[in-house]
Amino acid sequence: MTQAQEARRERGHALLTEAALFTFATFNANSIRSRLPIIVDWLARHKPDVLCVQETKCRDEDFPAGAFRDAGYCVVFHGEKSYNGVAVISREEPQNVRRGFDGGDNEEARIIRATIAGIEIINSYVPQGTAVDSPRFQYKLDWFKRFRHLLETEYSATAPLVWTGDLNVAPEPVDVYDPERLEGSVCFHPLERAALREVMSWGLVDVFRKHNSDAGQYTFWDYRIRGSLSRNLGWRLDHIMATSTLAARSAGAYIDREPRLAERPSDHTFLVAEFE
DNA sequence: ATGGTCGGCAACCGA
């Protein structure tokens, strides 16, 4: 039994055969080269059909594609020097791969799109925003507007589609460790939550929240705060959003606090959803 | 307690 199946059984889901499930995962790596052994190990143990990665932090010519191909996976990526960067690792060959909002070279490497197993996949690393009074905050709000436009012009809300990645917004008070104190801060500002809701209203469902109503479930812990992970001072910033036709096929979703990440501390952890 | 640590990459930036 795989870890994914064990986790599913622990969560009370019926134990289904692996072949019947499409396992989809996302992870902000904060450098794919630094986190490579952990990611390859995670793939071997969880055997997801798709793993979307953000903050790869390397140029395409420096991307460690061979390690994933050796592990039996396809990989496509869109990167730049030092910052940002996204990748899609998949068992099946991705089709119709597109990089960026419109294929232009002239923007931050934050989006990669592909079709896999009949599902439109959009993997994104949303701008963090830096500070509410920073131009980067407005850039972030504008980014959501551009993203909504992309959905409207290039996709159908009635077809199977996943929007995943580090979306850098905690949608609701239950998604941060201290909503009163954090209200108005970057990644939990009313304008960001409204911008995310505006994208969601196109026709997307929060797949993790569909299956987990409890508070205290996070995907990010700021490692600048001492003991944030052990004290669970976290935020739910990474998401798997799906159109209703696809969300109706979701069998479960869980956050995997990969213990090996303690060896090389990372702010984020793996988020997994399973579809029938 | 309002915290300070990563990664890239060669001085700080971004998170």
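Computed from the C-beta positions of A:Ser34 and A:Ala262 and an R0 of 22 Å, the FRET efficiency is 0.95 to the nearest 0.05.
Between A:Arg226 and A:Leu191, the contour length at 0.36 nm per residue exceeds the Cα-Cα span by 9.7 nm. In this calculation the C-beta distance from A:Asn212 to A:Asp133 is compared with R0 = 22 Å, giving a FRET efficiency of 0.05.
Distances between every pair of Cα atoms in segment A:61-182, grouped in 5 Å steps from 0 to the bin holding the largest one, split as 2, 9, 17, 21, 19, 14, 10, 6, 2, 0 percent. For segment A:19-73, the Kirkwood radius over C-alpha pairs fed into Stokes-Einstein at 37 °C and 0.692 mPa s yields D = 279 µm² per second. Three principal axis extents describe the C-alpha atoms of chain A; from largest down they are 48, 42, 39 Å.
Modelled this way, with points 7 Å down the Cα-to-C-beta line, the labels at A:Glu107 and A:Asp70 are 3.6 nm from one another. Remark: relative contact order (chain A) = 18 percent; criterion is Cα-Cα distance under 8 angstrom and separation of 6 or more residues.
For the pair segment A:41-92 / segment A:168-186, the C-alpha centres are spaced 30 Å from each other. Across chain A, the longest run free of exposed loop sites, meaning trypsin sites (Lys or Arg not before Pro) lying outside DSSP classes H, G, I, E and B with no more than 10 other Cβ atoms within 10 Å, spans A:1-223. 3J(HN,Hα) along segment A:210-220, derived from phi through the Karplus expression 6.51 cos²θ - 1.76 cosθ + 1.60 where θ = phi - 60°, amounts to 4, 9, 9, 9, 6, 7, x, 9, 10, 10, 9 Hz, with x in place of Gly and Pro. Restriction of the chymotrypsin sites (Phe, Trp or Tyr not before Pro) in segment A:34-134 to DSSP coil positions whose beta-carbon has at most 14 other beta-carbons within 10 angstrom yields A:Tyr83.
Coordinate-derived values only; no laboratory data. Computed from a predicted structure; not experimentally measured. Note that we place each Cβ from the backbone using ideal geometry, even for glycine, and neighbour counts take in every protein chain shown.
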